[in-house]
Ligand code: KG4
Ligand code: ZN
């Protein structure tokens, strides 16, 4: 049987992305255009993001095809993020998918952005079997999920207020480090004393998270004599401890085959190390490559492919933002 290929399209936040992935787990192309225009505003401006997708998306799709050496008419079906995300941004990706579908008669597999993060570890790890636990940490979401199969995701815990990436971004903003904040905090923390400042382990019981209290504790600590690198290191250590405690509890209760981290914050080497150090002896830990941790379209293409292989139905007509 010949390999099936899908074109994945992602535009839920501030990355315009297109990628072609095969059912043999080949990533033929993975084009991501990040919107640096938001840096001057200290956060993503929805209206600006939607307009940038309009400017970038055609280029992304064309480059995904040329990098892969495949023309649009030769792909088997389309996979597109239909939600959750910024509505104006999602509409751009969904409209491109509908346009290609209508012009070339390709069917569309709708993909939930979070489901794409959850299934992507299986793109790089053929041997990763269900059930596994995913810790998803991005700018908009923080969740612990038990992935039991395609379309079978059990939410174990989630943030009740700020997402962990959002907390990194807001702390970085207080320290005037720039946006997105995570990489700045990681860089400064590398030379800091992580035991210098005591920050609260907010909502340490149970599986849900609360990061807004931690953010406020950092704000209350700010004064002229504060050491920025020590504060970044202390903040990062506190986040790590909260994540570790909850994940160990989840592993003990659900006994999964593996533990996987994903989302932009999973790019943080300290967070990776602390999770690996504390959990590596209890469960197989899988850390996807950085390129597949942050938003991209290969994850959307792969989630669409997994759904196709699991006989989940395509959109009856066109895709809709959901
Ligand atoms: O998954 P992602 O690329 O986009 C979505 O939010 O969906 O995640 C972006 C988030 C931002 O909040 C950013 O500050 C954070 O991931 N991030 C990091 C690091 N790199 C990106 N947080 C901590 N350390 C990092 N090295
Ligand atoms: Zn994401």
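The values are calculated or read from the model by the stated rules, or taken from the named source; none is laboratory data. Fair warning: this is a prediction, and the values are worked out from it, not measured in the lab. Using ideal geometry, Cβ is built from the backbone for each residue, glycine included, and neighbour counts are taken over all protein chains shown.
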Of residues in the stretch 85-127 being within 16 Å of ligand 2 (Cβ to nearest atom), farther than 20 Å from residue 266 by Cα and not in a helix (DSSP H, G or I), the one modelled with the lowest pLDDT:
86
Top-ranked residue of the stretch 148-167 - restricted to ones that are within 16 Å of ligand 2 (Cβ to nearest atom) and touching a residue at least 60 places away in the same chain (Cβ under 8 Å), ranked as surrounded by the most Cβ atoms within 10 Å (Cβ to Cβ):
167
Would you mind telling me which numbered condition in (1) assigned to a helix (DSSP H, G or I); (2) surrounded by fewer than 23 Cβ atoms within 10 Å (Cβ to Cβ) residue 130 fails?
(1)
Any residue at all in the stretch 217-239 that is modelled with pLDDT of 95 or more, more than 14 Å from ligand 1 (Cβ to nearest atom), within 30 Å of residue 119 (Cα to Cα) and surrounded by fewer than 21 Cβ atoms within 10 Å (Cβ to Cβ)?
no
Within the stretch 258-265, is there a residue that is under 21 Å from residue 205 (Cβ atoms), within 15 Å of ligand 1 (Cβ to nearest atom) and surrounded by 20 or more Cβ atoms within 10 Å (Cβ to Cβ)?
no
When you check residue 61 against the structure, is it in a strand (DSSP E or B) and either in contact (Cβ under 8 Å) with a residue 12 or more places away in the chain or within 16 Å of ligand 2 (Cβ to nearest atom) (or both), yes or no?
no
Residue under evaluation residue 170, criteria (1) surrounded by fewer than 23 Cβ atoms within 10 Å (Cβ to Cβ); (2) more than 10 Å from ligand 1 (Cβ to nearest atom), criterion not met:
(2)
For residue 278, are the conditions met, namely being in a helix (DSSP H, G or I), closer than 30 Å to residue 192 by Cβ and more than 16 Å from ligand 2 (Cβ to nearest atom)?
yes
